[in-house]
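The structure under discussion appears below in the form of structure tokens.
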Amino acid sequence: MIISGKDLAKKIKQDIAERVPELTATYGRAPHLAVILVGEDPASQSYVKSKGKDAEQVGYKSTTIRLPEETSEAELLDVIAGLNADDTVDGVLVQLPVPKHIDEDRVIEAISHEKDVDGFHPANVASLWQKRDCVYPCTPKGVIRMLDEAGVQIEGKRAVVIGRSNIVGLPMAKMLLDRNATVTVAHSRTRDLAQVTREADILIAAVGRLRFVTADMVKPGAVVIDVGVNRDPATGKLAGDVDYDAVEGIASVITPVPGGVGPMTRACLMENTLECYLRRVRK
Ligand code: NAP
């Protein structure tokens, strides 16, 4: 079974789009997502464009603020402070990475945690780890939605997450743990990685290495979720962390790249924006 993140994301966005007119009528305004881009990194530019397009598609107000590469940290923090103070803005997102002269942690902390649609603010991270009400980071949230949609039972299963980044691996592990999986987090210092991954009923690859997960690393019948987005130098096309062609026949469920986790991340950003909006207008 191949889980199409593209189709599920479309459905999620359609559901949101259907709700927005009524919410706008009830609360006097549509949800509003503000995205800041510093610099001209082509990948970041394309991500920001997609986020603005998604927001408009579901009926949100969308603001994109493009700042030059040489913007100082103080100037960026000022822009964030302005958006925090603006009552008509529900979600604030700074596209990462920011240029090297700007401290990423300081930027993330500057965003009001109530408007932190990425779920990266320390207050949201703490709430996630303490099982309190929080904004879930979009990518692991999207993965859980895909598993649920595919009818994968998570409880009691052995899950292995390869990768321990703050934005994917760690929150992914916690969210699987909260669904009562038995979770192992593997990383670059893991010994006998293939032996570890072969134990997984649910294998999540979030490494950032082209076709890193090979057939011998996958238990027959495992559910394999590919978070990775890599450019294949041979074809110039995007491909995942999983050697899809080799693993497809071994896994019971697999996600493609592109068209898998990526679109779900985008859809979950729209959901998070809606959640932040609802919390604010219902206060
Ligand atoms: P990251 O911060 O670079 O983290 C990569 C992780 O992989 C690290 O924890 C690293 O271990 C681990 N790793 C690297 N080499 C390894 C090896 N040889 N064996 C085992 N583990 C290894 O990357 P990220 O931000 O989490 O992103 C991971 C991938 O997901 C990237 O391809 C990224 O583009 C993609 N991504 C996709 C989406 C989406 O929406 N589809 C969203 C976010 C990210 P150490 O901690 O030991 O260094």
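The value of relative contact order for the chain, using C-alpha pairs under 8 Å at least six residues apart, is 20 percent.
In terms of overall dimensions, segment 203-283 has a Cα radius of gyration and Dmax of 16.1, 53 angstrom. Dividing the convex hull volume of the alpha-carbon atoms in segment 26-156 by its residue count gives 145 Å³ per residue. For residue 100, the lysines whose Cα falls under 28 Å of its own Cα, not counting residues fewer than eight places away in the same chain, are 49, 51, 53, 115, 237. Taking the centroid of alpha carbons for each part, segment 168-211 and segment 53-73 are 33 Å apart. Oblate is the label for segment 1-72, because a/c, from the alpha-carbon gyration tensor with a ≥ b ≥ c as root eigenvalues, is 1.5 or above and a/b does not exceed b/c.
Rounded to two decimals, the Cα-based Rg/Rh of segment 85-200, with Kirkwood Rh, is 1.03.
Computed as a quarter of the hull surface, the mean projected area of the alpha carbon convex hull for segment 121-176 stands at 4.0 nm².
Which whole-number percent is the relative contact order of segment 152-237 (Cα, under 8 Å, 6+ apart)?
Relative contact order comes out at 29 percent.
This model, with +1 at the C-beta of Lys and Arg and -1 at the C-beta of Asp and Glu, gives segment 230-283 a dipole about its Cα centre of some 680 debye.
Across every pair of non-identical alpha carbons in the chain, the mean reciprocal distance, once inverted, gives a Kirkwood radius of 19.5 Å. Only the Cβ atoms of Lys and Arg (+1) and of Asp and Glu (-1) were treated as charged; on that basis the dipole of segment 39-175 about its Cα centre amounts to roughly 840 debye.
The spacing between segment 253-272 and segment 139-161, judged by their C-alpha centroids, is 13 Å.
Since every read-out is calculated from the coordinates, none of them should be taken as a lab result. This structure is a prediction, so every number in the text was calculated from the model and none was measured. All Cβ positions, even for glycine, are placed from backbone atoms using ideal geometry, and neighbour counts span all protein chains on display.
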